[in-house]
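Accompanying notes for the structure given below.
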Amino acid sequence: PQEDTSGLNVPYCHYASPDNFYSASAVRYTSTGVTADLACNKSNLEVYEKAAAPIGTLRLEVKYHSDHLLQFKIYDYANKRYEVPVPLNLPAAPESAVESRLYDVTVQNKPFGVQVRRRSTGTVLWDSQLPTFTFSDAFLQISTRLPSQYVYGFGETEHTAFRRDMNWNTWGMFARDQPPGYKLNTYGFQPFYMALEEDGNAHGVLLLNSNAMDVTFQPTPALTYRTVGGILDFYVVLGPTPELVVQEYTALVGRPVMPPYWALGFQLCRYGYENDTEVAQLVEDMKAAEIPYDVQYTDIDYMERQLDFTLSPRFAGLPALINKIREEGMRFILILDPAISGNETDYLAFTRGLEKDVFIKWPDSDDIVYAKLYRAYTALPDFFRNSTAEWWAREIAEVYDNPRDPAKSLKFDGLWIDMNEPASFVNGAVGGCRNQELNFPLYIPQLGSRWEGLSFKTLCMEAQQFLPDGSPRSLLFSSPRIFPPPCAPSVVRNLTRERGIVVTRSTYPSSGKWAGHWLGDNTAAWNQLDKSIIG
């Protein structure tokens, strides 16, 4: 009998031929890689909307970075497109000899495809000669056959098992303020997977693209990526053990930050403490119950009206409490949100942020894009700017050593960064967004907010940041768009004179160099305990 697929997301249609839009020519193999020109085979491109029309000519570059690391990149060489400004740890010159490489790469001409094969076993790790490949201004799609059903990774979203379900499941990736839920894209964006081959060898694949995207798993087994911009920039690490895959991947994006020993201890955190008396009583109750307990946190409750870098009168005794528990050998971590209230009459963090020009603005304008958080209209810092890091460091320093009232100094040991997707309690901006095409592109990946558009619970996609080279770029391309800058650990260390920790909610490949991660809001239900291990 025919298999019942009614409960699965099996496509209603299929590709009628094995051809895709592109063919390869001028394929050139060298000892350090492969190059090729790609041409679109379709002649009636005028029938497509501009954003969906396949780009006529592309280029493929394959680089053999080392015996176990290769990169293949497909891009529009005639028009500069966004590339993620994350510095990767790549050798200055290829460190790969032909005889010692763990892989072979073949470019298939028509239809175009890239094939990566493990040399020692002949196993094909990547094979994209499939009819799905297309590359347009606002829709990029590429598929690959996989060597097995054993695939792990892609986030951040709640998964019910560590291994991905290959039976027609689609997972979206785009950072947003979303508590964990099945198939809901949440705080971070990790477009990386590890696959085990049938013989137990392992490899990993990173797509360095930060646009909203989704990935569809098929029982072939196969995988299809769809994203709404940028380029296709893949990195493959060959392992061959899972441990080596992790080592090679973190060598590429950055080793995890070294935490202090105390940060590996038992930590207690919740939202909703009424005052410092409640926290003080909690500390005593934990000790009386002899529950292992090394670190205490406070959420935004300690702030005055949820304003960063302030102290609520209800927590006037918090500085003394922090000093007391630190004397007893414990540590203390404070929360900070990136959003800065813009509707206070006397708020130094906002005033000085204006002076330093740190906030995200509308394109070609000096007007700030205001989101909303809690009661306030909020401005979001652009952490790509050097001036923003300097401003942020100063504000934090004045929490640790309050120059106006030393009795309010909070001698924290680490920082907990929340709401940095960035989050907003209105979609896009106060007053709405201005560019329908960016916020509702022709293809919206399968996100939990798919029908609400890309600005759901975050800033408008046309809001503008400035990249390290000084060029402007809309937020559409750069999820997650706000995270602790690389200076964050040094800010903590300079203040505390010790190695501390920074814990961030939103992450992207390489953010682990600077900060640890927490899995976001949960209800402390028992079923979330096992899911936290998967996370």
**Report entry** Top-ranked residue of region 427-474 - restricted to ones that are open to solvent by 60 Å² or more (accessible area, probe 1.4 Å) and among the aromatic types (F, W, Y), ranked as modelled with the highest pLDDT
**Finding:** F440
Requested in this report: Collect the residues in region 216-252 that are under 30 Å from N9 (Cα atoms) and more than 22 Å from the chain's Cα centre (by Cα), keeping them in residue-number order.
Outcome: Q218, P219, T220, P221, A222
Report summary line: Scanning region 501-534 for residues that are among the small types (G, A, S) and touching a Lys or Arg at 6+ places or on another chain (Cβ under 9 Å), the one nearest to L268 (Cα to Cα) turns out to be A524
Report summary line: The condition of being under 31 Å from the mean Cα position of the chain (by Cα), modelled with pLDDT under 95 and either within 24 Å of T504 (Cβ to Cβ) or not aliphatic (A, V, I, L, M) (or both) holds, among R305, R331, R352, only for R305
Report summary line: Checked against (1) closer than 16 Å to G204 by Cβ; (2) surrounded by fewer than 23 Cβ atoms within 10 Å (Cβ to Cβ), W126 satisfies every condition except (2)
Requested in this report: Please go through region 253-273 and pick out each residue that is within 16 Å of the chain's Cα centre (by Cα) and open to solvent by less than 80 Å² (accessible area, probe 1.4 Å).
Outcome: V253, G254
Query raised in the report: Does P147 count as over 19 Å from I74 (Cβ atoms), part of a loop (DSSP other than H, G, I, E, B) and either touching a residue at least 40 places away in the same chain (Cβ under 8 Å) or aliphatic (A, V, I, L, M) (or both)?
Result: yes
Query raised in the report: When both residues are 6+ apart or on different chains and their Cβ atoms are under 7 Å apart, which pairs have a first residue that lies in region 230-250 and is in the same structural domain as Q141 (by the TED database) and more than 30 Å from I55 (Cα to Cα), and a second that is basic (K, R) and open to solvent by less than 50 Å² (accessible area, probe 1.4 Å)?
Result: L238/R118
Query raised in the report: Does E327 satisfy the criteria of being among the charged types (D, E, K, R), under 28 Å from K457 (Cα atoms) and either assigned by the TED database to the domain that holds P94 or open to solvent by 60 Å² or more (accessible area, probe 1.4 Å) (or both)?
Result: no
Query raised in the report: How many residues does region 163-177 contain that are more than 14 Å from the chain's Cα centre (by Cα) and open to solvent by less than 50 Å² (accessible area, probe 1.4 Å)?
Result: 5
**Report entry** All strands (runs of 3 or more DSSP E) inside region 26-110 with 2 or more residues being without any contact (Cβ under 8 Å) to a residue 24 or more places away in the chain and assigned by the TED database to the domain that holds V124
**Finding:** 33-40, 103-108
Report task. Would you check if L334 is farther than 24 Å from M213 by Cα and assigned to a strand (DSSP E or B)? Result -> yes
Requested in this report: Please list, ordered by first then second residue, the pairs with beta carbon atoms under 6 Å, 6 or more apart or interchain, first in region 302-314 and in the same structural domain as L415 (by the TED database), second in a loop (DSSP other than H, G, I, E, B) and open to solvent by 60 Å² or more (accessible area, probe 1.4 Å).
Outcome: Q306/Y374
Requested in this report: Report, by residue number, each residue of region 360-376 that is open to solvent by less than 70 Å² (accessible area, probe 1.4 Å) and either closer than 18 Å to F466 by Cβ or not aromatic (F, W, Y) (or both).
Outcome: I360, K361, W362, P363, S365, I368, V369, A371, K372, L373, A376
Query raised in the report: Name the residues in region 107-136 that are β-branched (V, I, T) and closer than 26 Å to G229 by Cα, would you?
Result: V107, V114, V116, T132, T134
**Report entry** Leading residue by the ranking (nearest to T277 (Cα to Cα)) among those in region 287-301 that are of a type in the set (A, V, I, L, M) and free of Cβ contacts under 8 Å to residues at least 40 places away in the same chain
**Finding:** A288
Requested in this report: Check F477 against each of (1) within 17 Å of the chain's Cα centre (by Cα); (2) at pLDDT 90 or above; (3) among the aromatic types (F, W, Y) and name the one condition it does not meet.
Outcome: (2)
Query - Selection count where residues are among the polar types (S, T, N, Q), touching a helix residue (DSSP H, G or I) at 6+ places or on another chain (Cβ under 8 Å) and not in a loop (DSSP other than H, G, I, E, B), scope region 495-535 - result: 2
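Here is a yes/no grid of residues against (1) part of a helix (DSSP H, G or I); (2) within 17 Å of P338 (Cβ to Cβ); (3) not hydroxyl-bearing (S, T, Y):
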| site | (1), (2), (3) |
| --- | --- |
| Y377 | no, yes, no |
| F384 | no, yes, yes |
| T388 | yes, yes, no |
| A393 | yes, yes, yes |
| I396 | yes, yes, yes |
| V399 | yes, yes, yes |
| N402 | no, no, yes |
| A407 | yes, no, yes |
| L410 | no, no, yes |
Report summary line: Note on region 217-231: residues assigned to a strand (DSSP E or B), open to solvent by 10 Å² or more (accessible area, probe 1.4 Å) and either of a type in the set (S, T, N, Q) or over 14 Å from I142 (Cβ atoms) (or both) are Q218
Query - Subset of region 517-535 (residues that are open to solvent by 80 Å² or more (accessible area, probe 1.4 Å) and under 14 Å from G153 (Cα atoms)) - result: I533
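The values are calculated or read from the model by the stated rules, or taken from the named source; none is laboratory data. Quick caveat, the model's predicted, so the values are computed rather than measured. Because the Cβ atoms are built from the backbone with ideal geometry, glycine has one as well, and the counts that use them run over all protein chains shown. Accessible surface is based on the protein model in full, side chains and every heavy atom, while ligands, DNA and RNA are left aside. Shrake-Rupley method; radii C 1.70, N 1.55, O 1.52, S 1.80 Å.
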